[in-house]
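What follows is one structure encoded as C-alpha cells, with my remarks underneath.
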Amino acid sequence: LIYCCVGTLSICKRMEVLKADELAWWLCERQLPSGGLNGRPEKLPDLCYSWWVMSSLSMLNRIHWVDKKNLEQFILACQDSETGGFSDRPGDIPDPFHTLFGLAGLSLLGDTSIKRVNPTYCMPQETIDRLNLEPQILLV
C-alpha cells in the first residue's frame, strides 16, 4: 500500500506532502538480520519487499539507508540454481512474480548487469525516458 501511495504522489508530482524521513525510517525498519525485508513488523522476510520497500525508498531518495550488501545477498539466496527463477524465501519454489521483484530489486541496488528500472513505474528507465514520463523523485 505504501508503494501505491508514494508512487501516486510521484506521478502527480506531490511528493512534498510526505514526511519523507519518518516514512523512510519506518521502511528501513523492515530490514531483518537476514538482510531481507518484510512488509510489517513481526513478519518473515519476503523477496517481493525488495521491490515494494526499495522502490518507495528510491522515490523518497533514501535508498542508501538500508544495508544494500545484506539485501543483495538475501535476494541472490532466493534464486533457484536449477531454474534461475526467484522465490519468496531461500529454498522455496520460484515464481514469475518474485522473479520480477527480485530482478527489479537488484536493479534498484545498482546491479549493472540488469537494465535500470524506474522505481515509480517498475519499467526500464529507457522506456520511461522514451515515453517522456517524468515522475517526481525527492531530492535530499
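All of the numbers you see were taken from the coordinates with simple rules; none came from a lab. Worth saying up front: this structure is predicted, and the values here are computed from it rather than measured. FYI the Cβ positions are ideal-geometry reconstructions off the backbone, even for glycines, and counts take in every protein chain you see.
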(request) Taking H placed 1.01 Å from N in the peptide plane, check which residues at least 5 places from residue 123 or on another chain put their amide H under 5 Å from its amide H. (result) 118
(request) Count neighbours as other Cβ atoms within 10 Å of each site's Cβ, and list the trypsin sites (Lys or Arg not before Pro) in the range 17-119 that are DSSP loop with at most 15 such neighbours. (result) 19, 43, 115, 116
(request) Taking only Cα atoms and a 10 Å spring cutoff, compute GNM fluctuations for the chain and point out the largest among 99, 83, 127. (result) 83
(message) For the chain, what does the helix formula give at 222 nm: sum of -39500 (n - 2.57) over DSSP H segments with n ≥ 4, over the residue count, nearest 500 deg cm²/dmol?
(response) -12500 deg cm²/dmol
(message) Let me spell out the model: positive unit charges on the Cβ of Lys and Arg, negative unit charges on the Cβ of Asp and Glu, origin at the Cα centre of the range 17-80. What dipole size does that give, in debye rounded to 20?
(response) 120 debye
(message) For 15, 59, 54, 123, which order do you get if you count the other beta carbons within 10 Å of each Cβ and list the fewest first?
(response) 123, 15, 59, 54
(message) If neighbour count is taken as other Cβ atoms inside 10 Å, put 98, 64 in order from fewest to most.
(response) 64, 98
(request) State the dimensionless ratio Rg/Rh of the chain (Rg: radius of gyration of Cα atoms; Rh: Kirkwood radius). (result) 0.96
(message) What's the longest uninterrupted piece of the chain once you rule out the GluC sites (Glu not before Pro) that are loop residues per DSSP with at most 10 other Cβ within 10 Å?
(response) 83-140
(request) Could you work out which residue, out of 80, 88, 46, moves most in a Gaussian network model of the chain, that is, has the largest mean-square fluctuation with Cα springs under 10 Å? (result) 80
